[in-house]
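*Asks:* After the structure tokens below, expect a handful of questions from me.
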Amino acid sequence: MDIPLLAVLFLLTAGAVIGFAVVSRTKVKQRMNDPDAPKSTLAKDGPDR
């Protein structure tokens, strides 16, 4: 069974994007649950700059 190169590239790219999204989502959730994380400068109650 011969899989075309385009299909392999599509699957690898889609897998990489999904993996990146999962890792990013996990990091964001961890940061949201961390009370000691610094506030964004764009936040209404963030540090003045």
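*Asks:* Find the residue count for the range 14-32, including only residues that are under 8 Å from the mean Cα position of the chain (by Cα) and polar (S, T, N, Q).
*Replies:* Matching residues across the range 14-32 total 2.
*Asks:* Of the residues that make up the range 34-49, is at least one modelled with pLDDT of 85 or more and polar (S, T, N, Q)?
*Replies:* no
*Asks:* Could you please let me know if K29 is touching a Pro at 6+ places or on another chain (Cβ under 8 Å) and not aliphatic (A, V, I, L, M)? Break it down stepwise before answering.
*Replies:* Details: touching a Pro at 6+ places or on another chain (Cβ under 8 Å): no; not aliphatic (A, V, I, L, M): yes.
The answer is no for K29.
*Asks:* Turning to a different aspect of this structure: Within the range 20-45, which residues are among the charged types (D, E, K, R) and either touching a strand residue (DSSP E or B) at 6+ places or on another chain (Cβ under 7 Å) or in a loop (DSSP other than H, G, I, E, B) (or both)?
*Replies:* Within the range 20-45, D34, D36, K39, K44, D45 qualify.
The values are calculated or read from the model by the stated rules, or taken from the named source; none is laboratory data. Please read all numbers here as calculations on a predicted model, not as lab measurements. In this analysis, Cβ positions are derived from the backbone assuming ideal geometry, glycine residues included, and neighbour counts consider all displayed protein chains.
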